[in-house]
Amino acid sequence: MSNLGPEPRINSRNLSKFINQTVRLTCKIVQVKGDMATVEASDGGQVGVLLSRDMHMADPFVEIIGTVKEDNTVKALTSINLGKTLDMKAVDQVVELANSSKGSGVFT
Amino acid sequence: MADLLDVGFIQAVFGDGEAPEGASPVLQILSVKKINSASSASSGVVDRYRAILSDGEYFGQAMLAVNLNPLIDSKEIDKFSIIKLRSYTTNAVQGRRLLILLEFDILESVYNEKIGEAVNIEHAVANGTVSRAPAGNANAAPKAEPKGRAGGAGPGPARGGARQGGGKDVGPLFPIESLSPYQNKWTIKARVSAKSEIKHWSNQRGDGKLFNVTFMDESGEIRATGFNEQCDNFYDLLEEGKVYFVSRARINIAKKQFNNVNNEYEIAFERETAIEPCDDASVPQIKYNFKRVDELADLNKDDMCDIIGVVREVHDLSSVTSKATQKPFAKRDIQIVDQSGQAVRLTLWGKQAESFAHDDSPVIAFKGVKVGDFGGRSLSMFSSATMSVNPDINEAHALRGWYDSAGRNTQFNAYTSTMAGRSDNSAPRLNELKTIGEAKDENLGMRDKTDYFTTAAVVAFIKSENFSYPACANPDGCNKKVIEDGNGTYVCDKCDKHWPEPIHRYILSMNCMDHTSSFWITAFNEVAEKLLGISANDLWKLKEGGDEQQFQSYFTKAAGRSYTFEMMAKQDSYNEQVRVRYTCRKAGIPDFVAESAYLSQQIALFNI
């Protein structure tokens, strides 16, 4: 299923709504162990991410594009580096708005 | 039979002015008389009864509280009745004491003889047979202060401000911080930190004179004013630096227009006000909260502050005519420096300006000076500001030492107009941002005065022709346009100097836009340099050098960036056409974090 717009942005709370869909997760990298990374989403919740072979995350803040698995982890397809500082509060506000009724039509 | 009555009571109350504690004396009423309304104590309509009260030894005048009137009307209380006084107060009227009966028990309603041989206490006192407190002077309020407490404990003498040493007779000591209009029985012990001259005024309502003092103690400070009569009474008594007890004055809300002392309230001296000198040196000396000269940039215009510094330069006395009153008054500028390496101008007014004769670079501490933005930052002695030359405090000694060794020879940075106000990291408040559309709709700059506003916009296009002008190279910051005079040198009209090379300064014309509208603005050197990232001079050389591509690249690179522009809009007539000219005074990097937060707030307010 491919939608024409960008993938919906999520945080740890709306993960479950998008099982098996491609999403964007703006997050901060907490830990990387091999090909599994633990990241902190914009609402503070932690998510497990399965990295792909050629992904290289240079900055502490990244946006991961991937699919949500049944177990609420994300299988990453690619990532975008977002730099060393990021206002996560603003990000979370965007995510919440996008997923709320107010935001429908704006982001989708 | 005098043992029925409590002998000694009358003498105690009328003589020493001190009522015995916990007394519920048994007294006899010798006579009762109705007073006509014309007398001083009556409220005008109600009957008041006067009684002569005896304790067997002396008798004195008493008044009955109005609620007791029925007892007299019903004849329960009459001549020779014996009462046990439960609650009373005393009052001083025209130098005589009166006992006010508030509550009593009737022991014997009917009694048919006078007990004892009471003598009039007034005569005894006058003869000196009975000691008496110094008579209540004009400070005594004629109205009774009913402080009678049920249970009979004596309320103490009328608080007439009788000048007894040590302020014994006045209300308890309050810290200045706790003064409020809801209390009227207070005393403060405070030092006079500032005293003004006597000022005269006359307006349609009349004329008069007044003076102000500022009192301070450990808790805070408060301003006091004495008008007319109190002006005369207290002006000579109060001296700067000395400590006084002040009581029985009125507390009002402070008039911030005249009073910039840090207190919501202010004191007004009244006729009953009592001021007594006090020897207590425990009241602290003037408290300062010094800012360094370079910290002044953080303060806003019209803020008050304290500052200490060395006087580096004293300018001449000049005179300014006030537009409001058409009166000339003296002013003098001095330059203050401190260890921060920054210099600032401070203006003295009136007498202080005239009498300032300190040529020896003294250390001066200023309290309560107002911050202005003339020439970047400046200071002004407000009417209640004080200055203290070479004060005996640590900061002063430190300054003296520093100046004598190093400071004297240091080059100081003076505040210039380009260092206007806030530093870069204090962004303008977001709700003050206007969109370009709003600025145009509101016709900003189209009225005669200059309008200032701030807008967040994107640089759309910068004109690369005529981006600069050759300016006078005078290091003092002349910046006037110089003209090439044929010999290959450039001459400046203002400085009357020739320069081989001018310094180019920006006069950048850019088109900025936001989601509402767009406009053309002019940016001068400082702003333009920031936007383009290269000095005008260097850019000029680049252009002259022929590298057109490099030259243009600067302009294209700068476009497309967003900034928060502080704008000035003014009317200009240009070839007979009147237009609004928008000048950018400052361009700051927008604070995205704050703006996002603001936007989400706005969105939350939408009720979709």
Set of lysines near B:Lys481 by C-alpha distance (under 22 Å), chain-local residues within fewer than 8 positions excluded: B:Lys463, B:Lys494, B:Lys497, B:Lys530, B:Lys541, B:Lys543, B:Lys570, B:Lys586
Footprinting exposure proxy for B:His123, B:His498 (fewest neighbouring C-beta atoms within 10 Å first): B:His123, B:His498
Assertion target for A:Asp54, B:Asp207, ordered by fewest C-beta neighbours within 10 angstrom first, is A:Asp54, B:Asp207
By a straight-distance test (C-alpha under 24 Å), which lysines pair with B:Lys370 as possible cross-link partners, with residues fewer than eight away in the same chain excluded? B:Lys195, B:Lys199, B:Lys255, B:Lys256, B:Lys287, B:Lys291, B:Lys301, B:Lys323, B:Lys327, B:Lys331, B:Lys351
Could you please report the charge total around B:Phe461, scoring K, R as +1 and D, E as -1 over all other residues with beta-carbon less than 15 angstrom from its beta-carbon? +1
Quick one: net charge around B:Lys79, please, counting Lys, Arg +1 and Asp, Glu -1 for every other residue with C-beta under 11 Å from its C-beta. +1
Can you tell me which lysines have their Cα less than 24 Å from the Cα of A:Lys17? Leave out same-chain residues fewer than eight positions away. A:Lys28, A:Lys69, A:Lys75, A:Lys89, A:Lys102
Specify the angular offset, from 0 to 90 degrees and rounded to the nearest 10, of the alpha carbon long axis of helix A:88-99 from the longest principal axis of the alpha carbons in chain A. 50 degrees
Exposure-ranked with fewest Cβ neighbours within 10 Å first, B:Phe592, B:Phe174 stand as B:Phe592, B:Phe174
Check which residues have an amide H placed less than 5 Å from B:Ile507's amide H, if you skip close sequence neighbours. B:Ser468, B:Tyr469
Connecting C-alpha atoms closer than 10 Å in a GNM of chain A, tell me which of A:Arg13, A:Arg24, A:Arg53 has the biggest fluctuation. A:Arg53
Quick one: Cα centre-to-centre distance for the range B:167-237 and the range A:56-82, in angstrom? 71 Å
In terms of the Cα gyration tensor, with a ≥ b ≥ c the square roots of its eigenvalues, is the range A:9-88 rounded because a/c is under 1.5, prolate because a/b exceeds b/c, or oblate? oblate
Among B:Ala249, B:Gly208, B:Ala224 - extreme Cα towards positive end, dipole of the range B:201-342, charges at beta-carbon: B:Gly208
Mind running the shape call on the range B:491-608? Use the C-alpha gyration tensor, a ≥ b ≥ c as the square roots of the eigenvalues: rounded below 1.5 for a/c, prolate if a/b tops b/c, oblate otherwise. prolate
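No lab work stands behind these numbers, since they all come straight from the coordinates. Source: prediction; values computed, not measured. Neighbour counts run over all protein chains shown; Cβ positions are idealised from the backbone, glycine included.
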